[in-house]
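Enquirer: Take this structure, written in structure tokens, and hold onto it; I'll ask about it next.
Values in this text are rule-based calculations from the coordinates and carry no lab data. Values in this document were obtained by computation on a predicted structure and should not be read as measured data. Virtual Cβ from ideal backbone geometry, glycine too; neighbours counted across all protein chains shown.
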Amino acid sequence: MSSVVSLQSLRFPVVRWHYWEGAANALPELNSVDPLLRRRLSPQGRAALAVADICAGDIGPVRVVYASQHGELTRTLGLMESLRLESVDGPSPASFALSVLNSTPGIYSIARKDVSPSVALSAGEESCWCGLLEAALTHLDLGKPVLFICADAPVPALLRHGVPDPTPIRALAVLVGAGGKEYSLSQDSAEEPTASHALAALASALREGGSWTRAHRAWRLEPHA
């Protein structure tokens, strides 16, 4: 029998948020990042920083919490393929640096010239909800704004055994900070999983409240008037 940890209602303020989903050939503009630096971003990373730009606005230095279910999985598979082929040059150091989970917030830090701390986390399908919880707790602990960024992309074809994946790229940014609209985040036990994607469900909950369930846990986010 699995044990379930219950999270009682956590109340925190959201200044603004922005959500985007779409295909890799229709990514949102990202003019704030230098073209040479922008070229290093994957489609998922570009979408993440595009919504982060919109959400951050003209705010100065800000802590960042970044979450992703799979991270830069396509790049990781590319590195493994180069090892399998026993390439003379070996895996590219640049590709390795860009394959780690914190590469996207790292590029964002460089682009903004912001040396504020950042956290990168992955918690399976619950990554976006856990990331929002981390951002909310960090703000409540430090009393400073925190920018939460989350992005997910389709799983590479190799891991789907050639089966098409219609899942779009999804990206969400949430600025948690004083003076914003109040939300309550809670977690409890549940039986039936929901069919919606976790990140899409979180965006919907930010809009009008709602919940998402997986692995016997139900996450719920409710806005306050």
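Enquirer: Based on the Cβ-Cβ distance from M80 to L137, what FRET efficiency comes out when R0 is 30 Å, to the nearest 0.05?
Expert: My answer for the efficiency is 0.30.
Enquirer: Mind checking the angle between helix 103-112 and the chain's longest principal axis? C-alpha axes, 0 to 90 degrees, to the nearest 10.
Expert: Around 80 degrees separate the two axes.
Enquirer: Here's a follow-up. Which order, highest average first, do 122-130, 108-116 follow once you tally other Cβ atoms within 10 Å for each residue and take the mean per peptide?
Expert: Ranked by mean Cβ neighbours within 10 Å, highest first: 122-130, 108-116.
Enquirer: So what's the net charge close to Q69: Lys and Arg +1, Asp and Glu -1, counting the other residues with Cβ under 13 Å from its Cβ? Don't skip to the answer; put the middle values down first.
Expert: Numbers: positive: R170, R214; negative: E72, E125, E126, D152.
Counting the neighbours of Q69, the net charge comes to -2.
Enquirer: Can you figure out the FRET efficiency of L36 with R16, using R₀ = 35 Å and their beta-carbon distance, to the nearest 0.05?
Expert: 0.75
Enquirer: What is the sum of charges around L49, taking Lys and Arg as +1, Asp and Glu as -1, for the other residues whose C-beta is under 10 Å from the C-beta of L49?
Expert: Charge balance near L49 sits at +2.
Enquirer: Any idea what the dipole of the stretch 102-217 comes to, in debye rounded to 20, about its Cα centre with Lys/Arg Cβ at +1 and Asp/Glu Cβ at -1?
Expert: Values: 9 positive and 12 negative charges, 91 e Å.
That gives the stretch 102-217 a dipole magnitude of about 440 debye.
Enquirer: Kirkwood hydrodynamic radius, computed over distinct alpha-carbon pairs, for the chain: how many Å, to one decimal?
Expert: The answer is 18.3 Å.
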